[in-house]
Amino acid sequence: MSLTLTAPETLPITESFLETVRETLPVVGRSRAVLEMLSLIESLAGTETNVLITGESGVGKELVARLIHQTGGRPGSYLAHNCAAIPEGTLESDLFGHVSGAFTGAVAARRGFFEEAEGGTLFLDEIGEITSRVQAQLLRVLQEGEIRRVGESRVRHVRVRVLAATNRDLVQEVRAGRFREDLFYRLNVVQVRVPPLRDRRSDIPRFVRHFLAGSVRGAETVAEAVHPEAMELLLTYPWPGNVRQLANEVERAALLTRGRGPVRSRDFSPDVRGEPARDRRAGTLREQVERAQRRIVLEALRRHEWNKTRAARSLSITRQGLIKMMHRLELPLVAPEENGG
Ligand SMILES: Nc1ncnc2c1ncn2[C@@H]1O[C@H](COP(=O)(O)OP(=O)(O)O)[C@@H](O)[C@H]1O
Ligand SMILES: [Mg+2]
């Protein structure tokens with residue numbers, strides 16, 4: 001099967017681009033939301049523009065950054081740095097380097113990431129967390145290509161493509177005066193939004209298979225499959241922690257079964273098992289209605305072994321109506337255990 005099976009006329013993605021995608025992303029989704037993102041990334045192939053990667057925590061921004069680098073116009077090295085929870089001074093010397101004796105402990109001079117990444121790509125994760133001082137220094141690199149090592153007056157020139165990621169709403173941060181507007185525009189030349197997992201539910205079975213395979217460690221006995229009733233739970237849960245949360249749940253559940261068969265609902269954490277009605281994240285009326293519809297549709301499909309004609313009849317809707325609804329609810333179109341890698 002090839003990715004191009006979904007509406008290729010509106011989402012041009014070439015086979016050669018997909019090859020690179022498959023090498024970089026362990027799980028390549030086929031949901032509309034992912035194909036739209038990949039199509040945008042392919043349109044950036046061969047360019048060197050800075051890209052801002054946005055999306056909730058755990059959606060896979062780091063992997064997307066790597067993909068943008070792999071398909072970009074810079075063959076040079078790729079360096080990634082997380083800017084969160086690093087004291088200002090340390091971050092400054094990480095990024096720009098320092099001379100010996102610049103501060104206590106700075107015994108030897110050191111090149112920063114910008115110098116290390118010369119001619120290549122630097123991925124700055126959690127960019128929303130940097131202080132105004134580092135913001136100003138970053139603006140200078142992006143505008144003039146100039147850096148200064150900490151403790152040195154000499155100006156050095158670098159040519160580095162910057163990819164930045166954040167789970168914050170930077171527009172909001174700019175409005176609140178916490179993030180420089182000029183820096184925002186320099187970073188946000190193109191914005192790639194990585195969709196939350198709940199907007200690409202039809203990819204969930206693929207992720208589950210991948211994480212099940214990955215959870216086979218050493219001599220431990222782990223489950224190799226997920227019971228259909230447990231899969232329904234995974235397909236309806238809103239996943240606030242996205243792919244990271246799904247990976248944790250699946251790996252943990254696979255271990256908990258201790259080899260007594262497929263993963264069951266009871267193997268998931270209370271968060272995932274919990275009744276949505278009691279969940280503080282119950283969501284808007286529309287989200288709750290959709291969740292209920294998802295359950296009803298999945299249950300009808302299961303009862304009829306994913307025969308859509310019969311499932312539709314049992315719900316008193318047409319087969320076409322059911323398929324349309326499955327698209328809208330982001331449900332896989334074939335039984336989860338059948339939808340290929
Ligand atoms: N397409 C994917 N295939 C396989 N694993 C993925 C994919 N996307 C995300 N993950 C996994 O989900 C976790 C979170 O990804 P990460 O890039 O750290 O998210 P973010 O930076 O957006 O918080 C990682 O363990 C990552 O390997
Ligand atoms: Mg991250």
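The values are calculated or read from the model by the stated rules, or taken from the named source; none is laboratory data. Everything quoted here is computed from the prediction, not taken from an experiment. All Cβ positions, glycine included, derive from the backbone under ideal geometry; neighbour counts span all protein chains shown.
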Inset, instruction - Sort out which residues of segment 213-236 are modelled with pLDDT of 90 or more and either within 16 Å of ligand 1 (Cβ to nearest atom) or in the same structural domain as residue 56 (by TED's automatic domain parsing) (or both), and write them in order of number. - result: 234
Legend entry - All helices (runs of 4 or more DSSP H) inside segment 285-338 with 2 or more residues being among the small types (Gly, Ala, Ser) and outside the structural domain of residue 207 (by TED's automatic domain parsing): none
Inset, instruction - Take the residues in segment 92-105 that are crowded, with 16+ Cβ neighbours inside 10 Å, hydrophobic (A, V, I, L, M, F, W, C) and at pLDDT below 95, then tell me which one is nearest to residue 67 (Cα to Cα). - result: 99
Inset, instruction - Being within 12 Å of ligand 2 (Cβ to nearest atom) and in a helix (DSSP H, G or I) is the filter here, so list the residues in segment 55-82 that pass it. - result: 61, 62, 63, 64, 65, 66
Inset, instruction - Quick one: which residue in 244, 209, 260, 252 is part of a helix (DSSP H, G or I), surrounded by fewer than 22 Cβ atoms within 10 Å (Cβ to Cβ) and either free of Cβ contacts under 8 Å to residues at least 60 places away in the same chain or out of contact with any Gly (no Cβ under 8 Å at 6 or more places or on another chain) (or both)? - result: 252
Legend entry - Flag if residue 163 is touching a residue at least 60 places away in the same chain (Cβ under 8 Å) and either surrounded by fewer than 17 Cβ atoms within 10 Å (Cβ to Cβ) or touching a Lys or Arg at 6+ places or on another chain (Cβ under 8 Å) (or both): no
Inset, instruction - Would you mind stating whether residue 52 is within 15 Å of ligand 1 (Cβ to nearest atom), part of a helix (DSSP H, G or I) and more than 11 Å from the chain's Cα centre (by Cα)? - result: no
